[in-house]
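Only one structure is covered here, and it is reproduced in the block below.
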């Protein structure tokens with residue numbers, strides 16, 4: 001990928017509405033799965049990949065930040081509310097999971113005042129016991145998981161220099177434990193990298209907490225300091241052979257009256273949800289943490305799906321593992337395309353296509369695939385390792401350090 005003439009990579013930061021929707025959905029699925037596993041020994045049927053966030057309304061200006069209308073969280077999807085005669089407090093699980101993720105992702109968000117939660121989950125299905133199981137036989141995937149859909153799943157390894165850089169630029173704003181470094185910067189950071197051979201253009205949208213910015217001079221000073229640091233970081237990460245252009249909050253140039261503090265990328269809590277934006281599961285970063293337009297691409301959302309048999313989740317984890325292991329064991333770049341067929345045994349994928357940057361022994365590749373298929377503990381790894389839960393500066397299989 002580094003040798004290709006053209007590359008486009010985007011990153012929606014941890015506080016972006018789409019990333020927040022992903023994180024909430026995944027948090028609920030993981031907590032619900034863990035609860036079921038401990039309580040019943042099996043994971044009950046659920047899918048929560050249709051969750052949405054609808055933005056509120058704030059008052060913005062230099063030194064001023066006040067929420068007028070709260071965010072609205074639409075908890076949507078289906079999940080089992082009981083097993084046999086034992087009821088599950090699904091609303092409590094959903095609410096606690098959502099709030100826990102939001103508080104970590106957007107620390108300044110006042111959950112009691114600035115968030116409304118609306119529950120639209122159901123147990124509707126043409127199969128009357130699918131979300132209302134009475135006995136273990138009503139959960140056939142507990143013993144014999146089968147693919148729930150016919151889908152295309154893609155993966156690759158390793159990340160390109162541009163992909164790593166984009167993740168590193170977001171990581172600049174965070175400590176290793178995920179806590180923000182700068183109290184005047186929000187979490188809804190967006191990065192677009194366009195590389196044309198050795199010409200690299202970076203456009204970043206970096207929100208500032210308006211109550212922490214007293215005037216235009218203070219704003220300009222802080223942004224210029226950040227821009228200088230990010231330019232140095234870019235040079236350190238990608239090398240001095242590149243011609244680098246870095247733009248931060250490019251819309252600032254359109255503002256006619258800068259002294260009044262109108263038109264800047266201001267936030268109150270840390271996300272553009274403060275000013276009416278919306279977020280939905282599956283519209284943001286892919287499993288590796290970026291939106292990389294030159295890579296193999298599938299439309300499956302990962303977050304919030306059942307980790308037992310939903311191919312959008314289980315097979316995404318699977319192809320990421322296969323790509324990483326082939327690349328590292330055989331010393332090449334790898335693309336993986338997996339096609340599932342509805343109703344097939346989960347651990348017997350319909351078709352798998354492997355593309356390597358260098359010619360490699362197909363028998364060794366086949367053995368790596370079979371080895372991964374024989375693990376059959378992908379569900380446990382997804383629940384306890386939490387590979388798809390969004391975090392600053394990384395994605396499944398890659399975490400930017402420092």
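The values are calculated or read from the model by the stated rules, or taken from the named source; none is laboratory data. Computed from a predicted structure; not experimentally measured. Reconstructed Cβ throughout: ideal geometry from the backbone, glycine too, with neighbour counts over all protein chains shown.
Which condition number does residue 183 fail, the rest of (1) more than 30 Å from residue 339 (Cα to Cα); (2) under 18 Å from the mean Cα position of the chain (by Cα) being met?
Every listed condition holds for residue 183 apart from (2).
Residues 65, 55, 84: which one is at positive phi and outside the structural domain of residue 306 (by TED's automatic domain parsing)?
Checking each option against the conditions leaves just 84.
Among the residues in segment 278-291, are any modelled with pLDDT of 95 or more and over 30 Å from residue 337 (Cα atoms)?
Taking every residue of segment 278-291 in turn, at least one turns out to be modelled with pLDDT of 95 or more and over 30 Å from residue 337 (Cα atoms).
State the number of residues belonging to segment 126-147 that are assigned to a loop (DSSP other than H, G, I, E, B) and either in contact with a strand residue (DSSP E or B) (Cβ under 6 Å, 6 or more places away or on another chain) or free of Cβ contacts under 8 Å to residues at least 60 places away in the same chain (or both).
10
Yes/no per residue for (1) more than 20 Å from residue 205 (Cα to Cα); (2) without any contact (Cβ under 8 Å) to a residue 60 or more places away in the chain; (3) touching a strand residue (DSSP E or B) at 6+ places or on another chain (Cβ under 6 Å):
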{"residue": "16", "(1), (2), (3)": "no, no, no"}
{"residue": "27", "(1), (2), (3)": "yes, no, no"}
{"residue": "38", "(1), (2), (3)": "yes, yes, no"}
{"residue": "41", "(1), (2), (3)": "yes, yes, no"}
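Search segment 148-178 for residues being in contact with a strand residue (DSSP E or B) (Cβ under 8 Å, 6 or more places away or on another chain) and part of a loop (DSSP other than H, G, I, E, B), and hand back the single one that is surrounded by the fewest Cβ atoms within 10 Å (Cβ to Cβ).
Restricting to residues being in contact with a strand residue (DSSP E or B) (Cβ under 8 Å, 6 or more places away or on another chain) and part of a loop (DSSP other than H, G, I, E, B), the top hit is 150.
Yes/no matrix, rows are residues, columns are (1) assigned by TED's automatic domain parsing to the domain that holds residue 356; (2) at negative phi; (3) out of contact with any helix residue (DSSP H, G or I) (no Cβ under 9 Å at 6 or more places or on another chain); (4) surrounded by fewer than 19 Cβ atoms within 10 Å (Cβ to Cβ):
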site	(1), (2), (3), (4)
180	no, yes, yes, no
204	no, yes, no, no
228	no, yes, yes, yes
242	no, yes, no, yes
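Take residue 229 and tell me if it is modelled with pLDDT of 95 or more and assigned to a loop (DSSP other than H, G, I, E, B).
Here the answer is no, as residue 229 does not meet what is asked.
Can you list the strands (runs of 3 or more DSSP E) lying wholly within segment 52-125 that have 2 or more residues being at pLDDT 95 or above and closer than 15 Å to residue 24 by Cβ?
Of the strands (runs of 3 or more DSSP E) lying wholly inside segment 52-125, those with at least 2 residues that are at pLDDT 95 or above and closer than 15 Å to residue 24 by Cβ span 52-54, 71-75, 115-119.
Applying the selection to segment 272-285, what residues are part of a loop (DSSP other than H, G, I, E, B) and either assigned by TED's automatic domain parsing to the domain that holds residue 102 or touching a helix residue (DSSP H, G or I) at 6+ places or on another chain (Cβ under 8 Å) (or both)?
Hits for segment 272-285 are 277, 281, 282, 283, 284, 285.
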